[in-house]
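**Q** I am attaching a structure below and will ask some questions about it afterwards.
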Amino acid sequence: MDTDSVPAGPPAARETGCFVGCAIVLLLLLGLLAWGAWALDEFEKGLDGAGQLEQSGALGDRRDPLGPGATARYEDGLKVTVGPPRRESDGAYGLTVTYENGTDEEVPFGGACETLEVRAGEPSDDAVGHDLTWLNREECDSALARPLGVDGTRGVPVRVEPSGRGTPVTVEVGWPYGTSRDTAYFLLGPG
């Protein structure tokens, strides 16, 4: 007879230990799957580039422009909002283009309004029969002359005078040459 063996314990204790072990393995597996999904999403964003528009609803491109008050959202955290136009006392229209830097680096604009264009017509047409006077282009140039710092917000006031009522206006938010950021299009007015 063997007297050195230790009894295995009651069967309920063995089953509880097995259950706890399986639960721990399951939690670790779920955590590993969540981490893998996050890593794959970040990898995919890295392939696209941080300058891709990440929109729900209108795409913000020439064929599907954003409307007044909408926000163009970029994968890296940059947001650009074009406020709705408002009629001013002198008959001109004013609007504000607001840049919010949620990225981890400063955002260059390039100055000289390389990054902002306001014109009559829809994004995809040549604006035949429409004209627009941009009343404060120099002020916009000045506002966009320096980069936008991390966590910074900058509002750029725009004043325009269309040739007539019902003239559609396109606001094109572009980026300096060599920047791999998508251009966002906004259509204000009929369209």
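The values are calculated or read from the model by the stated rules, or taken from the named source; none is laboratory data. Predicted model only: the values in this text are computed from it and were never measured. Reconstructed Cβ throughout: ideal geometry from the backbone, glycine too, with neighbour counts over all protein chains shown. We work out accessible area using only protein heavy atoms, side chains counted, and drop any ligands, DNA or RNA first. Shrake-Rupley method; radii C 1.70, N 1.55, O 1.52, S 1.80 Å.
**Q** Of V107, P84, V97, which is farthest on the positive side of the dipole of the stretch 57-108, counting Cα position, with +1 on Lys and Arg Cβ, -1 on Asp and Glu Cβ, and the Cα centre as origin?
**A** P84
**Q** Using 0.36 nm per residue of separation minus the Cα-Cα distance, give me the extension gain between E105 and L27 in nm, one decimal.
**A** Net length gain for the segment: 24.5 nm.
**Q** Turning to a different aspect of this structure: What accessible area, in Å² to the nearest ten, does a 1.4 Å probe give for D76?
**A** The accessible area of D76 comes to roughly 40 Å².
**Q** Explain nothing, just the number: relative contact order of the stretch 68-120, from Cα pairs under 8 Å at least 6 residues apart, as a whole percent.
**A** Reported as a whole number, the value is 27 percent.
**Q** Also, quick follow-up: Could you order Y99, Y93, Y177 so the one with the most accessible surface comes first? Probe is 1.4 Å.
**A** Y177, Y93, Y99
**Q** Okay, next question. Probe radius 1.4 Å, ligands and nucleic acids left out: which of R165, R154, R73, R119 has the largest accessible area, and how do the rest follow?
**A** Most to least solvent-accessible, the answer reads R165, R73, R119, R154.
**Q** Only Lys, Arg, Asp and Glu count, each charged at its Cβ (+1, +1, -1, -1), so figure out the dipole size of the stretch 63-191 about its Cα centre, rounded to 20 debye.
**A** Working: 12 positive and 22 negative charges, 82 e Å.
In debye, rounded to 20, the stretch 63-191 gives about 400.
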